[in-house]
1. For a test of the definition: using alpha carbon positions, the gyration tensor, and the 1.5 limit on a/c, classify the chain as rounded, prolate or oblate.
2. Just want the ordering: THR294, THR91, from fewest to most Cβ atoms lying within 10 Å of their own Cβ.
3. Going toward the positive end of the dipole of the chain, with +1 on Lys and Arg Cβ and -1 on Asp and Glu Cβ, which of HIS215, THR294, TYR110 do you reach last?
4. To the nearest 20 debye, what is the magnitude of the charge dipole of the chain about its Cα centre, counting +1 on the Cβ of each Lys and Arg and -1 on the Cβ of each Asp and Glu?
5. Could you put VAL59, VAL77 in order, starting from the residue whose Cβ has the fewest other Cβ atoms within 10 Å?
6. Say the cut-off is 22 Å between C-alpha atoms; which of LYS150/LYS183; LYS75/LYS218; LYS82/LYS150; LYS82/LYS259; LYS70/LYS259; LYS230/LYS259 go over it?
7. In the stretch 87-151, what GluC sites (Glu not before Pro) fall in a loop by DSSP, with at most 15 other Cβ atoms inside 10 Å?
8. Rounded to the nearest 0.05, what FRET efficiency do GLU214 and ALA137 give with R0 = 22 Å and r taken as the Cβ-Cβ distance? Could you check?
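Every number in this text was worked out from the coordinates using simple rules, so none of it is lab data. Note that the structure is a prediction, hence the values are computed from the model and not measured. Cβ atoms come from the backbone with ideal geometry, glycine included; neighbour counts cover every protein chain shown.
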Amino acid sequence: MRREPLPKATENQQMALDKGWLYLEENHRNGYFTSYISASRDMHQEPKESPAEPFSTIVIADILLNYQPKHPLTKIVIAYIKGQEHPDLFTFFEDRDAYPPDTDVNALGYSILSESGLVDAEEANRALDRIISFQNADKIIQVWLSHERKNYLDPVVAANALYFASLLGRASELSATQDWLLKVCESEAYLNGSRYYQSPDAFLYFMGRLCIFEHLKKQLSSILVEQLNKRIGSSSFTMDLAMRSALANTLGIQNNDEKAQLLKLQNTDGSWPADALFHYGSHRHYFGSKALTTAICLDALRQ
């Protein structure tokens, strides 16, 4: 199950899309996109190459699968993700000793493999069973899939878990998580960012992915439209502009001014400036790359 095709892009948008796709084709390593860590969100402060982490590539793959499912690049990237599978689930870094499995990378990773037909139902449901087994006292899905690490809540992570559960027809098992996500949205608690995602727009963007499911679209679309309209024009980070514009596409509303800003920000090599999507929870070191920003910009301009 993927999003419906969008109307044809304008000529300028199509040129930007073509250049962006070419950049992604030319800047992966056998399906893996290099991630960088910086002390500043805009990635200007001494960015260093991150230890290999599949999560950024998984986010990119979700976008590629939406709009170019048969593209050779999409197949190469998903093959890389498939190669990161392990009997004890995905981990954020390829080095499995760094962190235990977490909900975010597994919810997104197994969603992509399920939608690509590269994992059977038994294995996907086993991964979801593990995710569901880590809830707090209020039955809200937690971040870490381990009893050895202090656990936390993060609404972006929870939204990705709800997507995975809905994909497998098991959304009812996350009813408390769903109710909590609606409260976070309606109360605007997301405006402070979350433990792992600094931008409020990340929450809205990943909540927007849930609108492919009719039962969730009915509950979410009006509140997401309301919140998005409040957020438009609120920040100038490239990633924020892109996430808001991509969500506008999903909700069928216009965000032409911010799309025009994105077109002006594109680099001559087809990329967009590196911007961070997420960060470590305990300290603010940010993860990002031109590839990750570029992928979300492609999502934003695909109309």
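1. Values: a/c = 1.36, a/b = 1.19, b/c = 1.14.
Since a/c stays below 1.5, the shape of the chain is classed as rounded.
2. On the way: THR294 30, THR91 22.
The most exposed by this proxy come first: THR91, THR294.
3. Working it through, the farthest residue towards the positive pole turns out to be HIS215.
4. Details: 30 positive and 38 negative charges, 100 e Å.
My answer is approximately 480 debye.
5. VAL59, VAL77
6. Working: LYS150/LYS183 24 Å; LYS75/LYS218 33 Å; LYS82/LYS150 28 Å; LYS82/LYS259 33 Å; LYS70/LYS259 26 Å; LYS230/LYS259 17 Å.
Beyond 22 Å between Cα atoms: LYS150/LYS183; LYS75/LYS218; LYS82/LYS150; LYS82/LYS259; LYS70/LYS259.
7. Details: sites: GLU94, GLU115, GLU122, GLU123, GLU148; in loops: GLU94, GLU148.
Here the sparse-neighbourhood loop sites are GLU94, GLU148.
8. Details: r = 31 Å, r/R0 = 1.42.
My answer for the efficiency is 0.10.
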